[in-house]
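Just below is one structure, and these are the notes that go with it.
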Amino acid sequence: MTATEQQSRRTVVTVSERLVLTRPQEDDLEAVFAIHGDPETNRYNPHGPHRDRAQSREMLAGFVADWERDGVGYCAVSTRAEPAEIIGFTGLYLHTLDGERVFNLYYRYRPSAWGLGYATEASRAAMAEALPRFPDVPVTALIHADNLPSRRLAERLGLVPDPDGRTDPQEGRLIHRKA
């Protein structure tokens, strides 16, 4: 199967000026492992990089299940110029935080995609697609205090640190919330 044929089989969630966001699918395993197994992309991840494809397979299965269950979730992100190459993952995941149903905003990209504005553009596109369907669900992001690039990105997207300094109960990450 050619890359073009493979891309045409994907379910497009939304398209931005430079990017295509699609539903993750089972044959995205190598992209999930390449991104989530890279120590550089996981510098601030409390669980560290994936050690093997089994961890990535489990994560990917969760991505796919979220879409099936909720009709929303994390997306595979490609450029419009190279739609068959996944450069990262961005999207919104429904979960419960401190007893409240919220979205978790997620973005993780290959280092070659850093500094190009892709995470900002994809996050805005994902929010524009999901939030009208879930208008009462707030957007949050859980970010380690020392992860300044991620904190700056969250702030560009309108998320601010919790004014009371609350952190998530499992990992101690700062809770950022869309203002």
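One table, with the values for the structure above:
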quantity	calculated
With every protein chain in place, the chain: carbon and sulfur % of accessible area (1.4 Å)	50
Bins of 10 Å, starting at 0 and running to the largest distance - Cα pair percent for the range 60-114	23, 45, 26, 6, 0
Accessible area per residue, Å², the chain with all protein chains present, probe 1.4 Å	51
Among (1) 52, 36, 31; (2) 101, 45, 34; (3) 74, 38, 30, the entry derived from the coordinates for Cα extents along the principal axes in Å	(1)
Relative contact order (percent, whole number), the chain, Cα cutoff 8 Å, 6+ residue spacing	18
Heavy atoms of Asp146 accessible to a 1.4 Å probe, total area in Å² rounded to 10	100
Overall form of the range 73-168 per C-alpha gyration tensor (a/c, 1.5; a/b vs b/c)	oblate
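The values are calculated or read from the model by the stated rules, or taken from the named source; none is laboratory data. Not measured: the values here are computed from a predicted model. Just so you know, the surface numbers come from the protein's heavy atoms only, side chains and all, with ligands and any DNA or RNA stripped out. Shrake-Rupley method; radii C 1.70, N 1.55, O 1.52, S 1.80 Å.
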